[in-house]
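A quick write-up on the structure given underneath.
What follows is calculated from the coordinates using simple rules that are stated; it is not laboratory data. Please read these numbers as outputs of a predicted model, since none were measured by experiment. Every residue, glycine among them, receives a Cβ derived from its backbone with ideal geometry; neighbour counts consider all protein chains shown.
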């Protein structure tokens, strides 16, 4: 994966603005005991996120020069709603001798999941802090259900009756139905129901890629059941339904 180091801010996902500067920052702390603690349950859009990272989580690859300067670098990686991955300096040798700030600026109106992971690298050595490949998920503006390519289902935040949540679905989970006709001629839909009620569905892809899809839980709902269907114009059909058991989530 290529890295893009930026001088201070992370554009695209994380754009500085006057409104953001006036908002009290949210902190996310990755401590040495393997806890990941955001200061709020839901990260507000249009605000700042300060990343506090304990470097003892990645103790390997700690080479130094003859003068004792580090030859290793810890890098943070951040992604919102399966968009572009942007990387920033955390500790060790700084690119171009100009460390990036570890303050992320979120544009207003954003909703979905902020996903983060870290790596340490030195010549011939690399280590990862990535939640065993699942990465760390934090909800922006609304709770988020992430269905990842490694077959993890991650809940960030709390699903609440009467409120909206976001579904992020990785299309790599259903890779077979991929007919084209002047572009992608396939679609993946989420099918779901609350409390064994009527089945509903909503599209979770757009132009062949995943999109952050909002769903509102009905007032009084206590349980969500969800599965996914992939179809294309050649009549191919595949399901992601937990081997027929579907995926189940509590709603508060």
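Taking only the alpha-carbon positions of region 144-250 and ignoring solvent, what does the Debye formula give for the base-10 log of I(q)/I(0) at q = 0.13, 0.18 Å⁻¹? After summing over all Cα pairs, the log10 values are -0.47, -0.86. Here each label is just a point 7 Å from Cα along the line to Cβ, and for residue 196 and residue 151 those points are 2.9 nm apart.
Peptides 27-39, 154-166: what's the order by average Cβ count within 10 Å, highest mean first? Kindly include the intermediate steps, with their values, before the conclusion.
Details: 27-39: 13.7, 154-166: 17.8.
Result, highest mean first: 154-166, 27-39.
If you take every DSSP beta bridge whose two residues both sit in the chain, what share of them, in percent to the nearest 5, is antiparallel?
The antiparallel fraction comes to roughly 85 percent.
Our summary gives region 144-250 a relative contact order of 28 percent, counting only alpha carbon pairs under 8 angstrom and 6 or more residues apart. Only helices enter the 222 nm calculation for the chain: every DSSP H run of n ≥ 4 contributes -39,500 (n - 2.57), and dividing by all residues gives 0 deg cm²/dmol, rounded to 500.
Extension gain, residue 57 to residue 243: 0.36 nm times the residue separation minus the Cα-Cα distance gives 63.4 nm. Pick from 122, 146, 234: which is most flexible by mean-square fluctuation in a GNM of the chain where alpha carbon atoms under 10 Å apart are linked? Residue with maximal mean-square fluctuation among 122, 146, 234: 234. Alpha carbon centre of region 146-186 versus region 35-86: separation in Å? Value for the Cα centre distance between the two parts: 26 Å. Projected label points at residue 132 and residue 236, each 7 Å from Cα along the beta carbon direction, are separated by 3.2 nanometres.
For region 27-75, the alpha carbon positions stretch 45, 24, 11 Å along the principal axes, listed from largest to smallest.
Rg then Dmax, both in Å and based on the Cα atoms of region 18-140: 15.2, 49.
Decide, for region 200-252, between rounded, prolate and oblate: order the square roots of the alpha carbon gyration tensor eigenvalues as a ≥ b ≥ c, take rounded if a/c falls under 1.5, and otherwise choose prolate if a/b is larger than b/c, else oblate. Provide the component values of the computation, followed by the final result.
Details: a/c = 2.90, a/b = 1.59, b/c = 1.83.
Cα axes put region 200-252 in the oblate bin.
Largest mean-square fluctuation among 113, 179, 94, in a Gaussian network model of the chain whose springs join Cα atoms under 10 Å apart, belongs to 179. From most to least packed by mean Cβ count within 10 Å, the peptides 59-71, 183-195, 78-90 give 78-90, 183-195, 59-71.
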